Amino acid sequence: IVIAHGDDNGLVLPYDVAPIQVVVIPIPYKGKEEPINEAVRDVVRKLEAAGIRVELDDREDLTPGSKFYYWELRGVPIRVEVGPRDVERGEVTVVRRDTLERSGCKLDAVVEKVVETAKQMTADLSKRAWEWMRKHIHYVDSLEKAEKLIKEREGVIQLFWCGSEDCGREIEERVDARVLGVPMDESLEREGSCVVCGRRTRYLVRVAAAY
Ligand SMILES: [Zn+2]
């Protein structure tokens, strides 16, 4: 099940599917241009070598702040900043897109840090998606109720379906919804009646309004 994650700053793409997983942004400082650029190139090389999809934003006509905003809007999950203080310490700063939490690490450890941050983000995102789903899920036992809730755009509807093609088509037509999938784990625990034909079944399907 794919759920779009977003906040006021736009989209947050799940790390695994993001076309650009990490954006690297130099923080220019007069007199330190060369060491900063060198560190930035080093970071990009290391990430690329580890198979991470990385983009270097070295546009000279944009401030770092407007670059942060630009990439946040596009949902790039992780940002690596390299500024004068980072370079002095042989470090970089890693920023999570979802929480905007910043943390430093040694430049030499940037790959490990990115991988670990991505793992944590993925775990947190699926936890949030699951919590969202819980809060917005409605179990319904009739097509009429499903139709009404979908019209009102009330989150996700869960209903029993016998598994037959005819009933499936009828559900899709009547409810005018997008079938999100069958939640396997729960299907095993519960039993109910198909909302179309009334046959007993363990199939639960989730549908959401087709936006
Ligand atoms: Zn049926």
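The values are calculated or read from the model by the stated rules, or taken from the named source; none is laboratory data. What you are looking at is a predicted structure, and each value in this text was computed from that prediction instead of being measured. Counting neighbours? That spans all protein chains shown, and the Cβs are built from the backbone with ideal geometry, glycine included. Just the protein is used for accessible areas: all its heavy atoms, side chains included, with ligands, DNA and RNA removed. Shrake-Rupley method; radii C 1.70, N 1.55, O 1.52, S 1.80 Å.
Summary of computed values
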item	result
21 Å Cα-Cα threshold exceeded, pairs from Lys46/Lys127; Lys46/Lys119; Lys127/Lys148; Lys30/Lys67	Lys46/Lys127; Lys127/Lys148
For Asp86, solvent-accessible area (1.4 Å; no DNA, RNA or ligand), Å²	20 Å²
With all protein chains modelled, accessible area of Tyr69 [1.4 Å, Å²]	130 Å²
Linear extension gain, Tyr29 paired with Glu144, 0.36 nm per residue minus alpha-carbon span	35.0 nm
Rough spin-label spacing in nm, given labels placed 7 Å along Cα→Cβ, for Glu116 and Arg85	2.1 nm
Label-point separation in nm, Ser164 to Asp16, each point 7 Å along Cα→Cβ	3.6 nm
Heavy-atom SASA rank of Thr122, Thr117 (probe 1.4 Å, accessible area, largest first)	Thr122, Thr117
Accessible heavy-atom area order of Glu165, Glu101, Glu91, highest first, probe of 1.4 Å	Glu165, Glu101, Glu91
Largest to smallest accessible area among Glu72, Glu112 [probe 1.4 Å]	Glu112, Glu72
Kirkwood-based shape ratio for the chain, expressed as Rg/Rh from alpha carbons	1.17
